[in-house]
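Student: Let me give you the structure first, and then I'll get to my questions.
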Amino acid sequence: MTRRIAFFDSGIGGITVLHEALRLLPHEDYIYYADTLNAPYGTREKHEVKKLVSDAVGFIVHQGVKAVVIACNTATSAAVEDLRRLYSIPIIGMEPAVKPAVEKNGRDHKRVIVTATPLTLKEEKLRNLIDRVDNEHIVDLLPLPELVKFAERYEFSGEEVTDYIRSEFGSFELEQYGTVVLGCTHFIYFKSILADILPSHIDIIDGNRGTVSNLKKIMENRGEPGEGYGRVEFFCSGEPVTEAAELEKMNILFRILSDQNNKKTG
Ligand code: DGL
């Protein structure tokens, strides 16, 4: 069997990145590992997340993969440097799309809201990125931990979700803002609902395309072209996902993502 590419997240967030990879790299086969027993990560302490990620990636690498995508901003901030020191295969992480947002809004004299989990927003990785690119101090931060919980319950719309989003954005003077950055892969499922709630002049952007383009470039540079068919094997906290009901859930997620993409391009 050809060596596969692994995607890892605390739960279903990384499926949004895998979905992008299936479009951009259809000739690879994949493993998707969700640490559902321990999700959410974003409200935990850094040392706990480091340990959970290290255990999960240890299991994943043991499956004989050729690269690991840490399809989780929280796990990337807490653990990607350690993983890169430990493994010789490429370890690709997420980076919130702060740079393009700051470039665009600097020109337009608007501000940027970066949303992520509490741990990602606290971490040095994001702080350093903001220090590097945000010379005009136009970035504000907004933790949205409940969106992770809603997503893990497959609750992607409805009154509770909209009330939460409205109240979290309620303290911002939204006409001053030009972009909301989604710095958590779970938040991608709420892109359409966010677009409906936020004023229409606000762009909503994420780092998924950037991460997958980076993966593609790395694979091309290593001269290991995929010989697969876009097959995906799912694992939840170390157990293979075989039940039809679980697999049907994955299909639901793919459908949500495809619908969002069609809405964008349609
Ligand atoms: N999907 C994750 C992220 O991108 C983590 C969510 C969580 O487990 O709190 O940050």
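The values are calculated or read from the model by the stated rules, or taken from the named source; none is laboratory data. Predicted model only: the values in this text are computed from it and were never measured. Don't worry about glycine lacking a Cβ; one is built from the backbone with ideal geometry, like all the others, and counts go over all protein chains shown. All accessible areas refer to the heavy atoms of the entire protein, side chains included, with ligands and DNA or RNA removed. Shrake-Rupley method; radii C 1.70, N 1.55, O 1.52, S 1.80 Å.
Student: Could you run the Debye sum over the Cα atoms of the stretch 44-101, one equal point scatterer each and no solvent, and tell me log10 of I(q)/I(0) at q = 0.20, 0.30 Å⁻¹, two decimals?
Tutor: Each listed q corresponds, in turn, to -0.71, -1.33.
Student: Something else about it: How are the C-alpha pair distances of the chain spread across 10 Å bins, as whole percents from the shortest bin up?
Tutor: Cα pair-distance distribution for the chain, in percent: 7, 31, 37, 20, 5, 0.
Student: What FRET efficiency comes out for E220 versus T242 if R0 is 30 angstrom and r is the Cβ-Cβ distance? Round to the nearest 0.05.
Tutor: Here the calculated transfer efficiency is 0.35.
Student: Explain nothing, just compute: Karplus ³J(HN,Hα) = 6.51 cos²θ - 1.76 cosθ + 1.60, θ = phi - 60°, for every residue of the stretch 201-218 in order, whole Hz, x for Gly and Pro.
Tutor: 6, 8, 7, 10, 10, 9, x, 5, 4, x, 5, 6, 5, 4, 4, 4, 4, 4
Student: Could you work out how far apart the two model spin labels at N262 and D131 are, taking each label as a point 7 Å from the Cα in the direction of the beta carbon, and quote it in nm?
Tutor: 4.7
Student: If all Cα-Cα distances of the stretch 1-63 are sorted into 5 Å bins from 0 onward, what percent lands in each bin, rounded to whole numbers?
Tutor: Result returned by the calculation: 4, 17, 26, 22, 17, 9, 4, 1.
Student: Treating the stretch 101-183 as a set of equal point scatterers at the Cα positions, no solvent, please give the Debye-formula log₁₀ I(q)/I(0) at q = 0.12, 0.13, 0.17, 0.18 Å⁻¹.
Tutor: So the normalised log intensities work out to -0.39, -0.46, -0.75, -0.82.
Student: Taking Rh as the Kirkwood radius computed over C-alpha pairs, what is the Stokes-Einstein D of the stretch 74-126 at 4 °C in a medium of viscosity 1.567 mPa s, expressed in µm² per second?
Tutor: 101
Student: Still on this structure, please answer the following. Once you've got the Cα coordinates, tell me which of K191/K249; K99/K191; K216/K263; K149/K216; K149/K249 are over 23 Å apart.
Tutor: Violating the 23 Å Cα-Cα cut-off are K216/K263; K149/K216.
Student: Rounded to the nearest percent, how much of the accessible area of the chain (1.4 Å probe, protein heavy atoms only) is carbon and sulfur?
Tutor: 49
Student: So what's the net charge close to K51: Lys and Arg +1, Asp and Glu -1, counting the other residues with Cβ under 14 Å from its Cβ?
Tutor: Cβ neighbours under 14 Å give a net charge of -2.
Student: Sticking with this structure for a sec: In what sequence, largest accessible area first, do K66, K51 appear using a 1.4 Å probe?
Tutor: My answer, sorted largest first, is K51, K66.
Student: The stretch 204-266: percent of C-alpha pairs farther apart than 16 Å?
Tutor: Tail of the P(r) past 16 Å holds 68 percent of the pairs.
Student: Largest first and in whole Å, what are the equivalent-ellipsoid semi-axes of the stretch 18-139 based on the Cα gyration tensor, each being the root of 5 times an eigenvalue?
Tutor: 28, 18, 13
Student: I would also like to ask the following. Roughly speaking, what is the stretch gain from F156 to I252, that is 0.36 nm per residue apart minus the C-alpha to C-alpha distance, in nm to one decimal?
Tutor: Full extension from F156 to I252 adds 33.4 nm.
Student: Could you tell me the ratio Rg/Rh of the stretch 144-218? Both radii from Cα atoms, Rh via Kirkwood.
Tutor: Using only Cα positions, Rg/Rh for the stretch 144-218 is 1.01.
Student: While we're on this one: Using only alpha carbon positions, build the gyration tensor of the stretch 109-266, then give the equivalent ellipsoid semi-axes as the square roots of 5 times its eigenvalues, largest first, whole angstrom.
Tutor: The three semi-axes for the stretch 109-266 are 29, 22, 16 Å.
Student: Along Cα→Cβ, 7 Å out, is where each label goes; now give me the distance between the ones at H109 and E48 in nm to one decimal.
Tutor: Label at H109, label at E48, 4.6 nm between them.
Student: With a 1.4 Å probe and every protein chain left in place, work out the accessible area per residue of the chain in Å², rounded to a whole number.
Tutor: 47
Student: Any chance you could look up the accessible area of S171 with a 1.4 Å probe, heavy atoms only, rounded to 10 Å²?
Tutor: Approximately 100 Å² for this residue.
Student: What order, most packed first, do the peptides 20-29, 215-224, 112-121 have when packing is the mean number of other Cβ atoms within 10 Å of each residue?
Tutor: Packing proxy ranking, top to bottom: 112-121, 20-29, 215-224.
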